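Nothing in this text is a laboratory measurement; each read-out follows from the coordinates by a stated rule. The shown structure was predicted, so the numbers you read here are calculated from the model rather than taken from an experiment. Note that we place each Cβ from the backbone using ideal geometry, even for glycine, and neighbour counts take in every protein chain shown.
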Amino acid sequence: MQILTPLVVLLGLVSAVEGACSGPNARAAPPTGAIVVDASGAHPGSYRTVAQGIAQLSTTTTLQTVFVYPGVYREQVTVPLLNGPIVLQGYTCDSMAYGSNQVTITYSKAQKDIPSTVTKNRNDLTTTLLLKSNNVKVYNLNVANTAGNVGQAIAVKADGANTGFYACKFTGYQDTLYANQGPSLYAKSYISGAVDFVFGLYAQAWFESCDIVSVGKGCIAANGRESASNPSIYVFNNARVSGTSGAGTAYLGRPWKLYSRVIFQNSDLGDVINPEGWQKWNGDNNVANVYFKEFNNRGTGATLNKRVVQLTLVGRNQKKKSTLSSRSKTAPRVIHDQVFEAAVLKVVAGNAKEPTTRKREAVKRRELNEPTAVAANPEPEPPRSYAEEIRHGKTRKSQLLRPWLHLGYARFG
């Protein structure tokens with residue numbers, strides 16, 4: 001009988017995991033120079049917890065990667081404010097689909113678990129994964145707060161600028177995702193909860209092709225934009241909204257603050273969405289400056305004839321112009337910022353063509369002394385898409401489009 005040394009056994013375990021899947025979408029081995037986390041300890045030089053791996057990050061301005069092998073990591077993780085870009089990559093056989101994720105970071109902590117004598121950073125203290133740094137990209141991680149229906153219990157808090165989440169899965173009940181600061185992108189991810197489970201104060205967050213799942217009575221989005229100068233906005237584009245809590249038990253959102261701004265567009269809204277669509281905050285706040293819009297949605301929950309008119313102004317639906325490039329279905333990887341910015345600027349340039357043409361036609365009319373036709377009783381202005389709205393105001397373009405210019409973008413089909 002052959003007796004294997006511990007080193008041989010460990011190497012065998014590593015090769016077995018790394019050889020378990022392959023193909024262009026597999027992320028089954030750490031890139032060169034990565035910090036490696038492996039709960040089994042099989043990978044040489046690895047750390048047993050994600051928090052230990054994060055602690056190895058330095059203050060360098062160059063890219064650092066933390067690669068996490070399969071496992072359930074029961075811990076709270078904080079990425080502190082550092083100087084350079086960071087990638088958190090979970091092991092997966094298909095980086096295009098959150099259903100293939102094999103790494104879960106989970107913890108159970110709610111506000112009720114924090115002593116009343118603690119008055120600062122109470123949100124942070126409940127959070128399973130807290131990102132304080134800028135330029136963090138997270139791939140193929142499941143993150144959960146399992147406290148349940150006991151009050152605020154955050155799974156993920158994005159508190160830095162230029163954060164991106166790709167094929168991730170966030171689960172909780174109340175306040176699952178705290179999308180709080182800076183431009184951020186959530187692509188092909190899963191977010192579940194019941195009460196205000198996507199919320200925050202200052203983030204300009206774009207949710208692209210995400211599954212949004214309500215697991216109890218409540219609202220999806222609670223945007224906390226408190227003034228007209230606050231750039232915060234939540235845009236759900238190509239979302240699939242469903243639920244396990246029964247028909248009509250969920251609302252698209254409610255205004256946490258007086259200038260709350262949320263858009264659902266090009267999305268499939270299931271019957272879990274209440275026909276009224278939106279709610280007031282505790283039924284008594286002023287909604288004069290609330291900006292809740294819907295555009296080109298489908299499904300049972302997208303029917304507009306019973307919407308709360310004072311909140312959603314369905315006759316003036318607005319579409320937020322997508323800033324995501326139509327990339328091929330290749331393996332996801334971060335594109336350099338300038339490439340992503342060029343794609344967005346191309347969209348903006350395309351939107352500018354129509355006004356330019358109209359201007360030229362106006363010049364021609366003046367040259368020919370042709371009168372400009374004016375309708376005696378002009379028809380009501382039709383709903384504008386967001387592309388059209390951008391054309392009608394430079395400040396609006398600056399406020400609503402530019403936030404996504406400097407985000408790295410993963411190539412998802």
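What value in Å³ per residue do you get for the convex hull of the alpha-carbon atoms in region 168-216?
55
Determine, from the Cβ-Cβ distance of Ile114 and Asn238 and an R0 of 30 Å, the FRET efficiency 1/(1 + (r/R0)^6), rounded to the nearest 0.05.
Efficiency computed from Cβ-Cβ geometry: 0.20.
Would you mind ranking Ser192, Ser242 so that the residue whose beta carbon has the fewest other beta carbons within 10 Å leads the list? Mind dumping the intermediate values first?
Numbers: Ser192 23, Ser242 19.
So the ranking, lowest neighbour count to highest, is Ser242, Ser192.
Could you line up Leu125, Leu177, Leu131 from fewest to most neighbouring Cβ atoms inside 10 Å?
Exposure proxy ranking, most exposed first: Leu125, Leu131, Leu177.
In region 195-214, whose amide N lies under 20 Å from the spot 7 Å out along Cα-to-Cβ of Asn266? List them in ranges.
204-213, by backbone N distance to the label point.
Report, in cubic angstrom per residue, the convex hull volume of the C-alpha atoms of region 19-74. Let's see the in-between values first.
Numbers: hull volume 5.9 nm³, N = 56.
Output value, Cα hull per residue: 105 Å³.
Which value in nm describes the separation of the simple spin-label points at Ala55 and Ala34, placed 7 Å from the Cα toward the beta carbon?
2.2
Can you sort Phe295, Phe165 so the residue with the fewest Cβ neighbours within 10 Å comes first?
So the ranking, lowest neighbour count to highest, is Phe295, Phe165.
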